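Visitor: Quick one: the structure is below, and I'll ask about it shortly.
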Amino acid sequence: MERHNSFNPYVNNGGTVVAAVWNNCAVIAADTRLSVGYAIHTRNVSKLKKLTQTCVIGTSGMQADMTALHTLLERQIEMYRYTHHKEPGITAIAQLLSTILYSRRFFPYYTFNILCGVDEQGRGVTCGFDAIGNYGFDSYMAKGTSSSLIMSILDNHLTSKNQQVHEEIKSLEELINVVKGAMTSAVERDIYTGDCAEVIVVDTMVHEPIRMPMRND
């Protein structure tokens, strides 16, 4: 029987996004590599997007769907500003993103998202989503091709799971170093993550990205 290759509208362009919170601030990081299989298409594409003064989204998965989703989110948030004369909080944005993703559940956006920022009470928040809009809040999370590698590192450093002694994170700089270290470790094991990492700190505002060079191979 003759077999024909079926059309696949999706492609995973790789990459990793990681986020964590500490007190009244949050940190999100993502690499800048965009690849398909063993081919690297570009080494300098941002997976992070500032949505409001206190909220950033990080997305891994398919680059085309990521661009379309970010554009749609920006338009919806702009309409919210125009209607209510204020910016939406991160909880409202999380519900909006969940609704958008679920509305496309029969032909989903091939994206895996993390919202990172500060909520209305001034607390650091991270919120992770799957491709069809299921979401949950946690103190740290990772999405993308290195997520399973990074989560084990964050479990060890941030919650000391299965360990008798737990050392709390004492400063924002220490949290940033943990996130940077997790990204650096992931690059050693994952060919779809690399080149450079963008690290953004969110407290009362979204700070400029800190760029961290990583392996290029």
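Visitor: Based on other C-beta atoms within 10 Å, arrange Met205, Met214, Met62, Met183 from fewest to most. Write down the numbers at each step before the final one.
Guide: Working: Met205 12, Met214 18, Met62 21, Met183 27.
Placing the least packed residue first, the sequence is Met205, Met214, Met62, Met183.
Visitor: Using a 7 Å offset from the Cα along the Cα-to-Cβ direction at both Thr159 and Tyr38, what is the distance between the two label points in nm, to one decimal?
Guide: 3.8 nm
Visitor: I've got another one for you. Taking a quarter of the surface of the Cα convex hull of the range 16-213, what do you get in nm²?
Guide: 11.3 nm²
Visitor: Please give the contour-minus-distance gain from Glu167 to Phe7: 0.36 nm per residue of separation, less the Cα-Cα distance, rounded to one decimal in nm.
Guide: Details: separation 160, 0.36 × 160 = 57.60 nm, distance 5.07 nm.
Separation in residues times 0.36 nm, less the Cα-Cα distance, equals 52.5 nm.
Visitor: Which of Ile132, Ile114, Ile40 moves most in a GNM of the chain, Cα contacts under 10 Å?
Guide: Looking only at Ile132, Ile114, Ile40, the biggest GNM fluctuation is shown by Ile40.
Visitor: Which residue, Lys180, Lys50, Lys170, has the most motion in a Gaussian network model of the chain that connects Cα atoms within less than 10 Å?
Guide: Result for the chain, Cα springs under 10 Å: Lys170 fluctuates most.
Visitor: If you build a Gaussian network model of the chain, linking Cα atoms that sit under 10 Å apart, which residue out of Asp65, Asp195, Asp155 swings the most?
Guide: Asp155
Visitor: Using alpha carbon centroids, what distance separates the range 40-88 and the range 167-198, in Å?
Guide: So the two Cα centres are separated by 23 Å.
Visitor: Please give the length that would be gained between Met151 and Asp130 if that part of the chain were fully extended, namely 0.36 nm times their separation in residues minus their C-alpha to C-alpha distance (nm, one decimal).
Guide: Numbers: separation 21, 0.36 × 21 = 7.56 nm, distance 1.58 nm.
So the chain would gain 6.0 nm between Met151 and Asp130.
Visitor: Fully extended, how many nm does the chain gain between Arg105 and Glu74 (0.36 nm per residue separation, minus their Cα-Cα distance)? Mind dumping the intermediate values first?
Guide: Values: separation 31, 0.36 × 31 = 11.16 nm, distance 2.04 nm.
Answer, rounded to one decimal: 9.1 nm.
Visitor: Something else: Note down the magnitude of the dipole of the range 16-213 about its Cα centre, charges +1 on Lys and Arg C-beta and -1 on Asp and Glu C-beta and zero elsewhere, to the nearest 20 debye. List each step's numbers first, then the result.
Guide: Numbers: 17 positive and 20 negative charges, 102 e Å.
Dipole of the range 16-213, to the nearest 20 debye: 500 debye.
Visitor: While we're looking at this one, here's another question. Put +1 on the Cβ of each Lys and Arg and -1 on the Cβ of each Asp and Glu in the chain; which of Ala64, Leu48, Asn24 then has its Cα farthest toward the positive end of the dipole?
Guide: Checked the options; the winner is Ala64.
Visitor: Percent relative contact order of the range 1-158, based on C-alpha pairs within less than 8 angstrom and at least six residues apart?
Guide: Values: 313 pairs, mean separation 42.8, N = 158.
Computed over the range 1-158, the figure is 27 percent.
Visitor: Which of the GluC sites (Glu not before Pro) found in the range 121-217 are loop residues per DSSP with 16 or fewer other Cβ atoms within 10 Å of their Cβ? Could the numbers behind the result be given before it?
Guide: Details: sites: Glu167, Glu168, Glu173, Glu174, Glu188, Glu198; in loops: Glu167, Glu168, Glu188.
Taking the range 121-217 and a limit of 16 other Cβ atoms within 10 Å, the loop GluC sites (Glu not before Pro) found are Glu167, Glu168, Glu188.
Visitor: Each residue of the range 70-75 in order: what ³J(HN,Hα) in whole Hz does its phi give by Karplus 6.51 cos²θ - 1.76 cosθ + 1.60, θ = phi - 60°, with x for Gly and Pro?
Guide: Result, ordered by residue: 4, 5, 5, 4, 4, 5 Hz.
Visitor: In whole Hz and in residue order, list the ³J(HN,Hα) couplings for the range 135-146 that follow from phi through the Karplus curve 6.51 cos²θ - 1.76 cosθ + 1.60, θ = phi - 60°; x for Gly and Pro.
Guide: Working through the residues one at a time gives 9, x, 9, 7, 7, 7, 6, 9, 9, x, 5, 10 Hz.
Visitor: Let me ask something additional. Taking neighbour counts of Cβ atoms within 10 Å as a proxy for exposure, in what order, fewest first, do Leu101, Leu172 appear?
Guide: By the 10 Å Cβ count, ascending, the order reads Leu172, Leu101.
Visitor: Still on this structure: Taking θ = phi - 60°, what integer Hz values does the Karplus form 6.51 cos²θ - 1.76 cosθ + 1.60 yield along the range 17-23, in sequence order, with x for Gly and Pro?
Guide: After applying 6.51 cos²θ - 1.76 cosθ + 1.60, I find 10, 9, 9, 8, 10, 8, 6 Hz.
Visitor: Once the Cα gyration tensor of the range 40-155 is diagonalised, what are the square roots of 5 times its eigenvalues, in whole Å and ordered largest first, as equivalent ellipsoid semi-axes?
Guide: 22, 18, 14
All of the numbers you see were taken from the coordinates with simple rules; none came from a lab. Computed from a predicted structure; not experimentally measured. All Cβ positions, even for glycine, are placed from backbone atoms using ideal geometry, and neighbour counts span all protein chains on display.
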